[in-house]
Each structure stands twice: as C-alpha cells, then as structure tokens.
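So the structure is just underneath, and the comments pick up after that.
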Amino acid sequence: MDNKKSTITLEELLTSATNQTKNFIKELGKEDEFEKVEHLDSIINDIKAQKEQTKIQRNKFVNQIKSGLGEKIKNNPNKIIIHKKPWYVKFKNWIKKIFTSF
C-alpha cells in the first residue's frame, strides 16, 4: 500500500513539470525587468554626471577667458570694436591675389 501512495501518474508528473516551468519563466521575466530598471538608472546617472561635468568645464573655460581679457573689454563687454585694415594692406593683399591665382 505504501508503494501505491508514493507513485504518481504520468499526467501528474507532466502537470507538475509544466507548472514549475511556467513559474520559472515568470521569475526570469521579473529578474530581467529588475535588471533593465537598474541598467536604465545607471545610464541616467551617467548622463547627469556628464552634464554636471560639462557645466563645470564650461564655467572653468569662461573664467579662463575672462581672466585673459583686457580691462577695456571687461569694463565694456557689450561694445564691439571692429579693427579695419588700412587701405595699403588691402591693396597689397589684392595684388597678391592677382599674381598667386595663376
């Protein structure tokens, strides 16, 4: 009698195996979703870090440029000064263009 209770039918075995497979697949899907979320979070954090680094580098660069400017530019930052070449330099460049174009 004890032998009859411990034996299971083929249908019961297949049903049990099918249920275990389904549960295993569900657990794998949950783990994949969790890993995807973690991966996305790490990518977002990397992007934020790169943006912060860019801001720091930009501010550093602007400060370096400002420190190298003269007093006139620092005092009048919105005034544009156009430096024109004298007429004889323009004439000399025009002559050079003519003779170097051949």
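In segment 10-77, how many lysine pairs have Cα atoms under 30 Å apart, counting only pairs 8 or more places apart or on different chains?
18
So which trypsin sites (Lys or Arg not before Pro) in segment 16-102 pass both tests, a DSSP loop state and at most 10 other Cβ atoms within 10 Å of the Cβ? It would help to have the intermediate numbers written out before the result.
Values: sites: 22, 26, 30, 36, 48, 51, 55, 58, 60, 66, 72, 74, 79, 84, 90, 92, 96, 97; in loops: 79, 84.
Hits after loop and neighbour filter: 79, 84.
Given a 10 angstrom Cα cut-off, can you work out which residue in 12, 27, 35 is the most mobile in a GNM of the chain?
Residue with maximal mean-square fluctuation among 12, 27, 35: 12.
Kindly express, to the nearest 10 degrees and within the range 0 to 90, the angle between helix 87-100's C-alpha long axis and the longest C-alpha principal axis of the chain.
In the chain, helix 87-100 runs at an angle near 70 degrees to the longest axis.
Here are labelled values, [x] 0.96; [y] 1.02; [z] 1.67, and one is the computed Rg/Rh (Cα atoms, Kirkwood Rh) for what I pasted. Which one?
Here Rg/Rh (Cα atoms, Kirkwood Rh) agrees with entry [z].
Values in this text are rule-based calculations from the coordinates and carry no lab data. Everything numeric here is computed off the predicted structure, so don't read it as measured data. Using ideal geometry, Cβ is built from the backbone for each residue, glycine included, and neighbour counts are taken over all protein chains shown.
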